[in-house]
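The values are calculated or read from the model by the stated rules, or taken from the named source; none is laboratory data. Predicted model, so just to flag it, every value in this text is computed and none were measured. Here Cβ is always computed from backbone atoms with ideal geometry, including for glycine, and neighbour counts include all displayed protein chains. Calculation scope for accessible area: heavy atoms of the full protein, side chains included, ligands and nucleic acids excluded. Shrake-Rupley method; radii C 1.70, N 1.55, O 1.52, S 1.80 Å.
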Amino acid sequence: MDSLPEEIRSHILSLMPTKFGVQTSILSKSWRYTWTLVTNLDFDFVDGDGDDYALDLVDYTFVNRVFNSHKASKLNIFRLHFGLNQNPNVSHWVDKAVKLNVCALDMCVPRDHLPLSIFTCTTLTMLRLHHVENIWECPSRVTLPCLKTLDIIVYRNPFLDAFKLIPGCSVLETLSLQVDYVCNLQQQQPPYIFSIPTLKRFKLTINDKMSVFHKVVLRLPILEYLCVGGSLSSLYVMEDLPPLFEADISSLSSSSPRLWLQLLKGISGAKSLTTRDVDFLVRLPIFPNMKRLEVKLFIDLGKIPQFLERFPELKYICLGLVRVCLTSFYPYVISNNEFCLSSKQKSTLSYWMEPKVVPDCIRTNLTTLKYTLCKETMRYDMKFLRYILGNAEVLKTVTVTCGHLFSPELLSPTLLGPELFSLEEEKWLHSELLKFPRASMDCAIKVVAVGLLH
């Protein structure tokens, strides 16, 4: 590699953590100063398990020495990660990166004031700020004319930082905002209004520990992807959203049918939806454009046809059916390797009766089905699969994943073991599925035994 041009060698070193790049200086004379020309500086003082390294004077000296020896005229990426128990003073390092016209700034620092130069950096295209607790506050003037990607976590009233920062990003395309409350906000807050005409991808997570009610207003006319997570304690008002965007609410938790219904109505124009479960306490809106649906947890097997009637154009369905965590959903009693449920729980968990009317999306549109089957509910699962295969006229692919109903960490090995699928059982299951009548002769059936579901 000594014969490679120095420009190529420095590019190679830019792709690795800086501490490794510096170590190449001992390889030969030709490599001694190559690391000083790297265009990426990556300092990570947290190990792979999330524990802090002991940050002593040597670490600070190393970062300072790198900056003092650095000869590149420009920085593409500056990444600086410290643990929660470390207390670095990073402002002067960030200032140096800004002077080198840094393009991407990725900071995970626990306690330090951010330099004002960050908020007026004209070359910054990506900014990530995590673990900056209760200390960074935007100045009155924020000008980030090239920033396209913003990923921030705020730990207090977002009007003090996030909602001052976002308006200064005139070409913002991707926004990830997580709001974690660690202080008691007694007064009612103004609405969270996101009016960003350039935004294409938006992830919003509100972890509201104090149960403060919010109103979230979205005015995002060219949005392509929306992800909502955390606690649903907010009323979502979709004032300007385009049709045919992708939505993901699979990490969202809610105990309010009203707020849940309002959110679903707001995203009913989406073309793709990923959700964890479905709340049957509310009547779902119709999703006229929906082509792809993934439900990671589905409690009521018997209501799937009724549920699918709300998606008339659906082509792709992925159902991770009835994967129940003992401590989260039902008070199961396990005795002598049998599951003891009330009659209501049994109905919710596994009841199936073939409906008289087949939803249009199953009969004329459905091309792909992915389904999780469990031993504990297999006889009901097989009835459902027989129903789908017998009525889906344009179905192309059915993939059945053989898993386990319960989270493995909650069950003893003696109870868990017999419920796993063997290779012979997998083959038997596949042969049984092939015997079912099929409305589509072009349908291929695949069985995958993964053992435990995580």
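Brief remarks follow.
- Straight-distance crosslink candidates among lysines, where the alpha carbon sits under 25 Å from residue 164 and sequence neighbours closer than 8 are dropped: 96, 99, 148, 200, 203, 209, 215
- Accessible-area value, residue 441, 1.4 Å probe, nucleic acids and ligands omitted, Å²: 150
- Maximal additional length on extending the residue 26-residue 95 stretch stands at 21.9 nm, based on 0.36 nm per residue less the C-alpha distance.
- 17 Å Cα-Cα reach of residue 396 towards lysines, excluding residues that sit fewer than 8 places from it in its own chain: 291, 315, 370, 435, 446
- Residue 157 paired with residue 131, simple spin-label distance in nm, labels 7 Å along Cα-to-beta-carbon: 2.8
- Estimated dipole of segment 214-305 in Debye, rounded to 20 [Cβ of Lys and Arg +1, of Asp and Glu -1, Cα centre]: 180
- Remark on residue 447: its backbone amide H falls under 5 Å from those of 400, a criterion applied only to residues 5 or more positions apart or on other chains, H modelled at 1.01 Å from N.
- Sulfur and carbon atoms: percent of accessible area, segment 1-46 [1.4 Å]: 62
- FRET efficiency, residue 15 to residue 198 (Cβ-Cβ, R0 25 Å, nearest 0.05): 0.25
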